[in-house]
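*Asks:* Just dropping this structure here.
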Amino acid sequence: MNFTSFEYFPRMTYYRGYAVRMEMCIPDPNECPFPYVQIFDIDRIDDFRDAIDHGYLDVAASYGDLYRMIPLDIAPKSGCEPEPRYAKYRTRLEAVNNYVVAMQTELCDPGSPWATSVARHDGKRMDAARAALERGDLETAAQYGKIYRLEPVDVVPVVKPWRPSERHSEGEPVA
């Protein structure tokens, strides 16, 4: 596969009260119809988690912009529906404007390989939570799940984070 066909996008990865915004690459959908995460990116996520486990925040900051997730004590607006509790669920985190909402989403068919997909009604809830965070309405967003504030961690990374989009914007050739 030709590496010039990759696009880079920022992705938030969350682990034990920390979040890192790292750039990951996805292939061109015209060349690869099924998007996948490269082994290189999976290794970077594992290395970030290991650095957090061992308390090396300077190493964790080497993978991207490092944030601490501060839980906010916000009660949902009165008259709102309570957050649903599912028997089989996955907690999804949506980040917008330095806030994160952690919501429970139902697993459609846990035995299938597509179990990570979000049910239609939960997709609408995620969109509504994202829209509330974009408006800055934390009380409305709190009805969908737990709200966290992302606070940048002031630490000097061991190495400069890998950001291929900066390299492409500077006009350097793609490797």
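What follows is calculated from the coordinates using simple rules that are stated; it is not laboratory data. These numbers were taken from a predicted model, which means no experiment stands behind them. All Cβ positions, glycine included, derive from the backbone under ideal geometry; neighbour counts span all protein chains shown.
*Asks:* Please give the contour-minus-distance gain from LYS124 to ASP154: 0.36 nm per residue of separation, less the Cα-Cα distance, rounded to one decimal in nm.
*Replies:* Here the segment from LYS124 to ASP154 would lengthen by 7.2 nm.
*Asks:* Per 0.36 nm of contour for each residue apart, how much would the distance between TYR56 and ILE39 grow if the chain were fully extended, relative to their Cα-Cα spacing?
*Replies:* The TYR56-ILE39 span can extend by a further 3.8 nm.
*Asks:* ARG85 to GLU134: FRET efficiency via 1/(1 + (r/R0)^6), r the Cβ-Cβ distance, R0 25 Å, to the nearest 0.05? Don't jump to the answer; show the numbers that get you there.
*Replies:* Details: r = 26 Å, r/R0 = 1.05.
E(calc), rounded to 0.05, equals 0.45.
*Asks:* Can you compute the modelled spin-label distance between MET12 and LEU93, with each label point 7 Å from Cα toward Cβ, in nm?
*Replies:* Between MET12 and LEU93, the label points sit 0.8 nm apart.
*Asks:* Can you list the lysines whose alpha carbon is less than 29 Å from that of LYS124, not counting same-chain residues fewer than 8 positions off?
*Replies:* LYS77, LYS88, LYS146
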